[in-house]
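The structure under discussion is supplied below as C-alpha cells; questions concerning it will follow.
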Amino acid sequence: MKLWGGRFSQGPEEVMKQFNDSFRFDQRLYAADIAGSQAYAQALYMAGYLLEEEKENILSGLAQIKGEFDAGEFVSRPEDEDIHTAVERRLFELIGPAAGKLHTGRSRNDQVAVDLRLYVMAEIDHMLAQLGQVQTALVDKAEAHLDVLMPGFTHLQPAQPVLFSHWLMSYFWMLARDKARLQDARTRTAVSPLGSGALAGNPFGVDRTQMAEALGMPAISMNSLDAVSDRDFVAEALFAFSMIAVHISRLAEDLILFSNPALKFVEIGEGYATGSSLMPQKRNPDSMELARGKSGRVIAALVNLLVVLKGLPSTYNKDLQEDKEALFDSIDNLSLTLSVVAGVVASLQVFPENMAAQLDEGMLATDLADYLVRKGMPFREAHHKVGEVIRYAEIHGVTLSKVPLAAFQAVSPLFKEDVYHTFDFMQAVSKKDSVGGTALSAVKEQIAAAKEMVA
Ligand code: ARG
C-alpha cells in the first residue's frame, strides 16, 4: 500500500529510493507525527468525516504505534518512505481501511511542518533545561569561590584584577540571553500549520484552532502557501543553538588557557580530561577542546539550512526535506556538549594561589591614575603622570610599590604618603562597586539576581 502509486506503472529505481527516503532520519519525529495525527483525527470526526468508531480505532491504533516506537519495537518496512508513510502503513495493518481516512484533506506538507514544529518546541524546552544546569553549576562555583582574586585580561594581556566569581558569572549572563532567545524563538515555533493541506488550505472544515490547542500551540498560521514552506523557526532555533555554541566555545577556550600548567588557575576534573598515548605526563583538556570544536558543526547547520532555503520558489519543495539532518546533528551535539560543560564546571578545581601569583602591580596602574583623579587631576593628565611613574619603575628595575615617595612627588605633588594604599589588589577590586562591577558587593548582587532568574 503505497501513498501515491496510482498514476505510476513502475516503482522508483533503487538509487532513487535511497535518495528520496527519509525514514532513516525522520523517524525521530514519530511522537510529534502521532500527536499531529491524533489532533487531526479528532478534527475530522468533529467535522463529520469520521464515524465515532473509526475515530476511536484510529486513536487507539496511533497510541499502539507510539508504544511500539517508545519501546524500540516498531518494525519498519522497505516501502516506508518517511515517518508519515510508516505510521499510516502500520495503522492500516492494525485497523484496516479506516486508516485511509486519516489523510482526508491533509498533506504530508502540512503534516511534516507541524511535526517539525512540535519537535523543535520539545527540543527548545530540553535545551532550556540543560542551559539551566550549566547556569546552576556556574553560580554554585562562583559562590564557592566568591572572593578569589584573579588577573583580568583584555587582548589576553594582564589588565586589571577581578574576582574569579565575576569571571564565572560572565558566562551565566551569556547563557541567560541564550535562554531568552530560545524562548522567543519558541513563540514563533508554536504556530500550527495543520489544516493548510498541500498548499491551498483544507476543504473539510476542520477546526484549525482546536487542533492547534490540542497540540499546545497558541496560534495558527494565516497563509497556507507560507505555512507549508515556512522553516524560519528552524533557522531561528539553529541560530540560537549557534550562539550557545559560540558562548560555550569561548568558555572552553578560557578553561583550556586557565588549566594550562603555566597558569594552572584551575584544573579540569580527571573525569573530563584524557592522557596521551606517548607522553605520560599529559593531562589534556579534550572535553573543552571538543566543546570548542563542535561549535563548528552547530554553526554549519545554520548555514546549511539558510542555503537550502534561499532559492526556493513558493510553497513546499522537496529541498525542504534537507531541513532535518543538520538540525538533528546540531541538537545532538549541542545537547551532549552542554551535559559535559555542566560536569566540567561543577568538577573544576580552583587554585587561588596560582591566580594570585599572576597578579602584578602593573595591573594597578589605572588605580594609580584614579588616585590622582580623586585628588582633582583630569584623568587624561593622570594617565600621563602614571606613565611617567611606570617609566621610572622600569628604569630603576623596581615594582610600582617600591618607587620612593620623592620620585612620585617629582612626577606630581598630588602624590602623598597614602599613595601606597593603592597597591592592594582586593581594594582595587572593591572600588569597582557599580552594578555589574567586580567588587564583592556587586558580584553578590548579580548572584542574587541570577539565582532568582534560575529559580
Ligand atoms: N519527507 C518529507 C519531508 O521531510 C515529507 C513531506 C513530503 N511531501 C511531499 N509532497 N513529498 O519534507
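Once the Cα atoms of helix 379-396 and of the chain are each reduced to a long axis, what angle between those two axes, in degrees from 0 to 90 to the nearest 10, is obtained?
70
Restricting to DSSP H runs of at least four residues, report the calculated mean residue ellipticity at 222 nm for the chain, -39500 (n - 2.57) per run over all residues, nearest 500 deg cm²/dmol.
Working: 18 runs with 272 residues, N = 455.
-19500 deg cm²/dmol, from helical runs alone.
Please report the carbon-and-sulfur percent of the accessible area for the chain; probe 1.4 Å, protein heavy atoms only, DNA, RNA and ligands left out. Don't jump to the answer; show the numbers that get you there.
Numbers: 11930 of 21510 Å².
Answer for the chain is 55 percent, counting heavy atoms of protein chains only.
With a 1.4 Å probe and every protein chain left in place, tell me how much accessible area E452 has, in Å² to the nearest 10.
Rounded to the nearest 10, that gives 150 Å².
Please report, in Å, the Rg and the Dmax of segment 294-360, where both are computed over Cα atoms only.
20.3, 63
Where in segment 270-322 are there trypsin sites (Lys or Arg not before Pro) that are in a DSSP coil and have at most 16 other Cβ atoms within 10 angstrom of their Cβ?
On the way: sites: K282, R283, R292, K294, R297, K310, K318; in loops: K282, R283.
When the trypsin sites (Lys or Arg not before Pro) of segment 270-322 are filtered for loop state and at most 16 Cβ neighbours within 10 Å, K282, R283 remain.
Taking every pair of alpha-carbon atoms in the chain, what share in percent sits in each 10 Å bin, from 0 to the bin with the longest distance?
4, 17, 21, 17, 14, 11, 8, 5, 3, 1, 0
In 10 Å bins starting at 0, how do the alpha-carbon pair distances of segment 110-211 split up by percent?
The calculated distribution, bin by bin, is 14, 27, 21, 16, 11, 9, 3.
Expressed as a rounded percentage, what relative contact order does the chain have, with Cα pairs under 8 Å and six or more residues apart?
Working: 599 pairs, mean separation 71.0, N = 455.
Rounded, it is 16 percent for the chain.
Which percent, nearest 5, of DSSP beta bridges in the chain are antiparallel? Please list the in-between numbers first.
Numbers: 9 of 11 bridges.
Around 80 percent antiparallel, to the nearest 5.
Using mean Cβ contacts within 10 Å as the protection proxy, how do 148-154, 116-122 order, highest first?
Values: 148-154: 18.4, 116-122: 22.1.
The most tightly packed comes first, giving 116-122, 148-154.
Still on this model: How many angstrom separate the Cα center of segment 402-455 from the Cα center of segment 223-295?
The two parts, judged by their Cα centres, are 33 Å apart.
Another question, then. Consider just the alpha-carbon atoms of segment 314-455 and return their Rg together with their Dmax, both in angstrom.
Cα only, segment 314-455: 25.3, 81 Å (Rg, Dmax).
Could you name the lysines whose alpha carbon sits less than 17 Å from that of K282, not counting residues in the same chain fewer than 8 places away?
K264
For segment 1-103, report the translational diffusion coefficient in µm²/s to the nearest whole number, using Stokes-Einstein at 37 °C, 0.692 mPa s, and a Kirkwood Rh over Cα pairs. Intermediate results must be reported in sequence, preceding the final value.
Working: Rh = 14.4 Å.
D, rounded to a whole number, is 229 µm²/s.
Where does segment 191-310 land on Rg/Rh, using Cα atoms and the Kirkwood Rh? Please list the in-between numbers first.
On the way: Rg = 23.3 Å, Rh = 18.2 Å.
Radius of gyration over Kirkwood radius for segment 191-310 works out to 1.28.
Calculate the spin-label point distance for L156 paired with D332, positioning each point 7 Å from the Cα along the beta-carbon direction, and give it in nanometres.
Distance between label points: 3.3 nm.
Please compute the per residue accessible area over segment 168-298 with all protein chains in place, 1.4 Å probe, rounded to a whole number of Å².
Values: 5920 Å² over 131 residues.
Result: 45 Å² of accessible area for each residue.
On to the next question. Where does each of 257-264, 360-367 land if you order them by average Cβ count within 10 Å, highest first?
Working: 257-264: 15.1, 360-367: 18.8.
So the peptides 257-264, 360-367, ranked by packing, come out 360-367, 257-264.
Counting other Cβ atoms within 10 Å, keep those with at most 14, restrict to DSSP loop, and tell me which chymotrypsin sites (Phe, Trp or Tyr not before Pro) in segment 1-42 are left. List each step's numbers first, then the result.
On the way: sites: W4, F8, F19, F23, F25, Y30, Y40; in loops: W4, F8.
Listed in order of number, the matching sites are W4, F8.
Please report Rg over Rh for segment 382-453, where both radii come from the alpha carbon positions and Rh follows the Kirkwood definition. Before the final figure, lay out each step's value.
Working: Rg = 17.0 Å, Rh = 14.3 Å.
With Rh from the inverse mean 1/r over Cα pairs, Rg/Rh is 1.19.
Right, here's the next one. Find the accessible area per residue for segment 336-396; the probe is 1.4 Å, ligands and nucleic acids are left out, and the unit is Å².
That works out to 51 Å² for each residue.
The values are calculated or read from the model by the stated rules, or taken from the named source; none is laboratory data. In this text, all values refer to a predicted model and were calculated from it rather than measured experimentally. Using ideal geometry, Cβ is built from the backbone for each residue, glycine included, and neighbour counts are taken over all protein chains shown. Heavy atoms of the whole protein, side chains included, go into the accessibility calculation; ligands, DNA and RNA do not. Shrake-Rupley method; radii C 1.70, N 1.55, O 1.52, S 1.80 Å.
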